[in-house]
Amino acid sequence: MSNKITTQSYFVKRLKDSGYMVYKLFDEYNEADPRNWTVMIDPGNASIICTCYNNDSAFGEYYFEIYDGGQFIPEKFKLKTDSIEVIISYLVKYGINNKSELYNRRTIQSR
């Protein structure tokens with residue numbers, strides 16, 4: 001159970017191992033709330049908010065909502081996956097990657 005990306009600590013560890021800075025924001029949502037936890041990816045630059053939802057606790061249907069207010073990601077989207085690589089590929093697709101020339105230009109201009 002602890003090696004699933006739906007576990008906040010595992011999700012954070014895998015992103016950090018891939019070179020991302022990640023802050024844990026919150027993980028004490030009410031039992032009636034479908035949100036499990038929320039993190040911020042690349043705080044201070046892209047500041048991506050990622051929330052893990054448990055759509056139906058009886059069936060364990062998890063998904064992730066990812067959004068940054070439109071800075072890099074054009075609109076809020078939901079992603080159902082069991083793979084951190086899928087999450088990372090979306091981040092890279094939108095230029096949230098310290099190896100991306102576009103990303104480096106944006107973060108330098110915003111300072």
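The values are calculated or read from the model by the stated rules, or taken from the named source; none is laboratory data. Note that this is a predicted model, so its numbers are computed, not measured. All Cβ positions, even for glycine, are placed from backbone atoms using ideal geometry, and neighbour counts span all protein chains on display.
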Note to self: Looking at the stretch 1-39 only, could you name the residues that are in contact (Cβ under 8 Å) with a residue 40 or more places away in the chain and hydroxyl-bearing (Ser, Thr, Tyr)?
What the structure shows: Thr6, Ser18, Tyr20
Checklist line | Hey, Gly44 at pLDDT 90 or above and on the phi > 0 side of the Ramachandran plot or not | finding: no
Notebook entry, point to check: Can you find a residue in the stretch 74-93 that is small (Gly, Ala, Ser), under 18 Å from Gly19 (Cβ atoms) and at pLDDT 90 or above?
Noted result: yes
Next item on the list: Sort out which residues of the stretch 5-18 are at pLDDT 90 or above and surrounded by 14 or more Cβ atoms within 10 Å (Cβ to Cβ), and write them in order of number.
Entry: Ile5, Thr6, Thr7, Gln8, Tyr10, Phe11, Val12, Lys13, Arg14, Leu15
Next item on the list: Can you confirm whether the stretch 19-36 contains a residue that is among the aromatic types (Phe, Trp, Tyr), assigned to a loop (DSSP other than H, G, I, E, B), surrounded by fewer than 17 Cβ atoms within 10 Å (Cβ to Cβ) and at pLDDT below 90?
Entry: no
Notebook entry, point to check: Does the stretch 46-56 include one or more residues that are over 14 Å from the mean Cα position of the chain (by Cα), in a loop (DSSP other than H, G, I, E, B) and either over 18 Å from Phe11 (Cβ atoms) or in contact (Cβ under 8 Å) with a residue 24 or more places away in the chain (or both)?
Noted result: no
Note to self: Can you tell me which condition Asp42 does not meet? The list is (1) without any contact (Cβ under 8 Å) to a residue 24 or more places away in the chain; (2) acidic (Asp, Glu); (3) out of contact with any helix residue (DSSP H, G or I) (no Cβ under 7 Å at 6 or more places or on another chain), and all the others hold.
What the structure shows: (1)
